[in-house]
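One structure is given below, encoded as structure tokens.
Read the figures in this text as sums done on the coordinates, not as results from a lab. Not measured: the values here are computed from a predicted model. Virtual Cβ from ideal backbone geometry, glycine too; neighbours counted across all protein chains shown.
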Amino acid sequence: MTAPILILGTGLAGYNLAREIRKLDKSVPLALVSRDDAPFYSKPMLSNALAGGKSAAALVMKTAERMAEELDARILPRRQVMAIDTAARQVSLDGGEVLPYRDLVLALGADPIRLPLDGDAAAEVLSVNDLDDFARFSARLDGARRVAILGGGLIGCEFANDLLARGIAPTVFDPSPWPLGRLLPAEAGAFFQAGLEAAGVVFRMGTSATGVDRQGAAYRLRLSDGGVAEADLVLSAVGLRPRIALAEAAGLKVGRGVVTDRQLMSSAQGVFAIGDCAEVAGLSLPFVMPIMQQVRALARTLTGTPTAVSYPAMPVLVKTPALPTVVAPPPAGVAGEWACVAPGCRCATPDRVKPRGEVRIGILMFSTS
Ligand SMILES: Cc1cc2nc3c(=O)[nH]c(=O)nc-3n(C[C@H](O)[C@H](O)[C@H](O)COP(=O)(O)OP(=O)(O)OC[C@H]3O[C@@H](n4cnc5c(N)ncnc54)[C@H](O)[C@@H]3O)c2cc1C
């Protein structure tokens with residue numbers, strides 16, 4: 001039997017690659033492995049599911065069985081990949097099974113970064129990066145009134161806004177001076193903050209947690225400014241780290257992610273990487289739009305037409321209904337400045353954002369120098 005194209009991971013990268021391959025080739029053997037149940041779901045919905053009243057189960061669009069049928073693929077859920085042997089072209093799974101591959105694709109995602117917190121409850125801080133995490137998080141929300149969110153970036157702000165739908169006014173802690181600090185300049189960040197504050201989110205910018213202790217049924221956070229805060233639940237959203245351990249152990253070149261060229265090929269022949277685990281031509285882009293460009297290019301390569309990925313403009317949509325925001329940030333390290341180009345916009349005067357219901361549109365342009 002011919003060895004399959006083997007895809008490690010069934011997130012948006014793994015499953016969308018399989019779909020793109022099937023559009024081009026109905027018969028090439030395909031196999032996918034996942035350490036979770038391998039459901040097909042849209043990860044971005046995790047941070048606006050509360051407003052829609054969705055449980056983790058309701059977010060599942062298709063089960064692994066249904067995906068296996070649809071893709072005419074072998075899917076191995078709840079199996080952990082333990083090692084990759086590029087010389088023998090095979091991977092080992094927990095339980096000792098060995099899977100040969102024709103081509104191997106790493107679509108292993110990324111792990112939430114854990115802050116170096118001290119205290120007897122540091123290990124109880126939650127993060128939400130997949131359906132199982134979301135199930136744990138939503139179960140813990142029953143009866144919670146105070147939620148502390150560590151991290152005022154995209155994911156932290158989206159969860160903060162979403163929690164308002166559950167009647168919870170969360171507090172966001174972040175050492176940066178304004179939220180979405182990696183995406184927005186100061187004025188727009190302040191405008192964004194004011195919009196979410198008007199809806200009920202509390203921001204403690206310039207402050208981070210250093211420790212978390214148990215206090216009865218709740219938690220006591222120790223803060224960098226010497227203060228303390230109480231919470232029934234602590235959610236950490238301080239970023240993701242690409243999963244590179246398997247690739248590194250197999251001798252593949254790694255940087256921040258698994259290093260690939262523009263054809264998504266790693267340093268080993270016949271081994272590719274896509275999605276949150278990949279560093280493609282120097283860029284780690286943990287968003288859906290780059291993943292879709294990557295899978296279209298790689299599907300062509302794997303079906304006989306070598307294709308390099310190219311990215312169009314890829315704006316980031318911040319899913320905060322209290323102040324919907326779209327931003328196309330300049331690449332890291334590019335010099336230039338932001339300027340507001342919307343006539344009459346008051347984005348630099350966030351204290352005047354109110355009254356509620358007012359149409360608030362700011363347009364900022366970044367010009368390179
Ligand atoms: C809350 C949240 C909201 C987001 N919102 C947006 C948004 O609005 N817009 C946007 O563009 N992006 C958003 N993103 C980012 C986007 O969802 C991700 O970039 C994308 O889903 C990553 O897909 P992936 O397939 O690379 O990784 P994942 O979905 O993490 O998939 C990784 C897969 O690898 C498997 N795996 C890992 N290790 C092993 C192993 N050793 N053995 C077997 N299987 C393994 C896992 O089981 C899983 O199937 C959001 C992310 C989060 C967390």
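Take every Cα-Cα pair in segment 4-65 and report what % of them are more than 21 Å apart. In whole percent, the share of Cα-Cα pairs in segment 4-65 beyond 21 Å is 30. Label separation (A281 vs E230): 5.5 nm, computed from points 7 Å beyond Cα along the C-beta direction. Segment 187-201 and segment 54-116 have their alpha-carbon centroids 39 Å apart.
When Rg and the Kirkwood Rh are both derived from Cα coordinates, the Rg/Rh ratio for segment 102-143 amounts to 1.15. Between W338 and K26, the contour length at 0.36 nm per residue exceeds the alpha carbon distance by 107.5 nm. Relative to the longest principal axis of the Cα atoms of the chain, the long axis of helix 131-141 lies at roughly 30 degrees.
Only helices enter this figure: runs of n ≥ 4 DSSP H residues, each worth -39500 (n - 2.57), summed and divided by the residues of the chain, yield -6500 deg cm²/dmol at 222 nm to the nearest 500. Rounded to the nearest 10 degrees, the angle from helix 154-164 to the longest Cα principal axis of the chain is 60 degrees. Among the lysines of the chain, pairs that are 8 or more positions apart or on different chains and have alpha carbons within less than 22 Å of each other number 8. Taking amide H positions as modeled 1.01 Å from N, with prolines and chain starts lacking one, the residues under 5 Å from R102 and 5 or more places away or on another chain are I5, L6. Of the three principal axes defined by the Cα atoms of segment 122-238, the extents in descending order read 40, 32, 24 Å. When only the Cβ of Lys, Arg, Asp and Glu is charged (+1, +1, -1, -1), the dipole of segment 122-238 relative to its Cα centre reaches about 260 debye.
Seen against the Cα atoms of the chain and their longest principal axis, helix 288-302 is set at about 10 degrees. Modelled this way, with points 7 Å down the Cα-to-C-beta line, the labels at R182 and S310 are 2.7 nm from one another.
Here the chain carries DSSP beta bridges of which approximately 50% are antiparallel, counting only pairs with both residues inside. Each of S267, V125, Y311 was scored by the projection of its Cα onto the charge dipole of the chain, and the greatest displacement toward the positive side belongs to Y311; charges sit on the C-beta of Lys, Arg, Asp and Glu.
Simple spin-label estimate for D118 and S55 gives 4.2 nm between the two label positions (7 Å along the Cα-to-Cβ direction from each Cα).
For the chain, the equivalent ellipsoid derived from the Cα gyration tensor has semi-axes of 38, 25, 19 Å, listed largest first. Above 17 Å, the calculated P(r) of segment 25-160 contains 69 percent of its Cα-Cα pairs.
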